[in-house]
Amino acid sequence: DGGITQSPKYLFRKEGQNVTLSCEQNLNHDAMYWYRQDPGQGLRLIYYSQIVNDFQKGDIAEGYSVSREKKESFPLTVTSAQKNPTAFYLCASSDRGEWGYTFGSGTRLTVV
Amino acid sequence: DAKTTQPTSMDCAEGRAANLPCNHSTISGNEYVYWYRQIHSQGPQYIIHGLKNNETNEMASLIITEDRKSSTLILPHATLRDTAVYYCIAGYINTGTASKLTFGTGTRLQVTL
């Protein structure tokens with residue numbers, strides 16, 4: 001079945017360490033996105049990518065970095081510069097057309 | 001994207017219809033209305049979308065007013081598994097490039113016995 005896989009589901013890191021969250025899709029979608037969700041809040045866009053080797057900052061890109069070397073993969077690195085990294089991170093993809101997004105199941109990152 | 005306004009929370013008895021309203025008074029002519037839902041600690045799930053006509057699928061019905069300034073998502077026979085946060089989004093899907101949908105805080109629907 002086609003879909004988006006985020007791994008791991010839960011991730012714990014010490015403060016000051018960089019951490020990379022994985023996002024893989026087999027939907028053949030061109031565009032991919034990373035969102036952050038804090039408790040009781042909506043989703044905020046971190047980065048998005050329209051095609052391979054291209055990506056743009058979203059609303060809260062500071063302290064994050066991404067790469068898009070393959071169409072299927074869009075990993076997110078949470079750097080030590082991100083002041084409040086503990087959150088639920090969601091990856092999504094979309095195809096051209098009106099059908100909106102397909103989301104992964106998310107990664108819950110806890111920094112201690 | 002046009003801003004949407006939804007009630008913070010709603011209750012519905014199991015087996016009854018759940019009608020979730022959404023106001024999008026500033027929606028532009030080429031923006032679609034999308035509904036997603038998010039069950040606790042999972043990724044949002046697509047439910048339905050529409051431009052100006054009413055739409056129905058196996059999950060729900062979407063009723064859009066003629067002036068397109070508001071819409072209602074209808075879950076015809078709510079079950080306990082429909083308890084979730086429901087997001088209404090008005091967004092333009094660019095067929096050539098990535099399209100950014102803005103998710104607000106949504107409506108928390110609680111289905112009860």
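Restricting attention to segment A:59-84, the residues that are within 12 Å of residue A:21 (Cα to Cα) and touching a residue at least 60 places away in the same chain (Cβ under 8 Å) add up to 2. Comparison of B:112, B:105 shows that the only residue that is within 11 Å of chain A (Cβ to nearest Cβ), surrounded by fewer than 17 Cβ atoms within 10 Å (Cβ to Cβ) and among the hydroxyl-bearing types (Ser, Thr, Tyr) is B:105. Kindly establish whether residue B:89 is in contact with an Asp or Glu (Cβ under 9 Å, 6 or more places away or on another chain), at the interface with chain A (Cβ under 10 Å from one of its Cβ atoms) and not in a loop (DSSP other than H, G, I, E, B). Spelling it out, residue B:89 is indeed in contact with an Asp or Glu (Cβ under 9 Å, 6 or more places away or on another chain), at the interface with chain A (Cβ under 10 Å from one of its Cβ atoms) and not in a loop (DSSP other than H, G, I, E, B). Scanning segment A:81-100 for residues that are part of a loop (DSSP other than H, G, I, E, B) and at the interface with chain B (Cβ under 9 Å from one of its Cβ atoms) returns A:96, A:97, A:98, A:99, A:100.
Restricting attention to segment B:57-102 and to residues that are aromatic (Phe, Trp, Tyr) and modelled with pLDDT of 95 or more, the residue that is surrounded by the most Cβ atoms within 10 Å (Cβ to Cβ) turns out to be B:87.
Of the residues making up segment A:19-43, those that are among the polar types (S, T, N, Q) and either within 14 Å of the chain's Cα centre (by Cα) or at pLDDT 95 or above (or both) are A:20, A:22, A:25, A:26, A:37. Across segment B:1-38, the number of residues qualifying as in a loop (DSSP other than H, G, I, E, B), at pLDDT 95 or above and within 14 Å of another protein chain (Cβ to nearest Cβ) comes to 2.
The values are calculated or read from the model by the stated rules, or taken from the named source; none is laboratory data. Computed from a prediction, not measured in an experiment: that's the story for all the values here. So basically every Cβ, Gly included, is an ideal-geometry build from the backbone, and we count neighbours across all protein chains shown.
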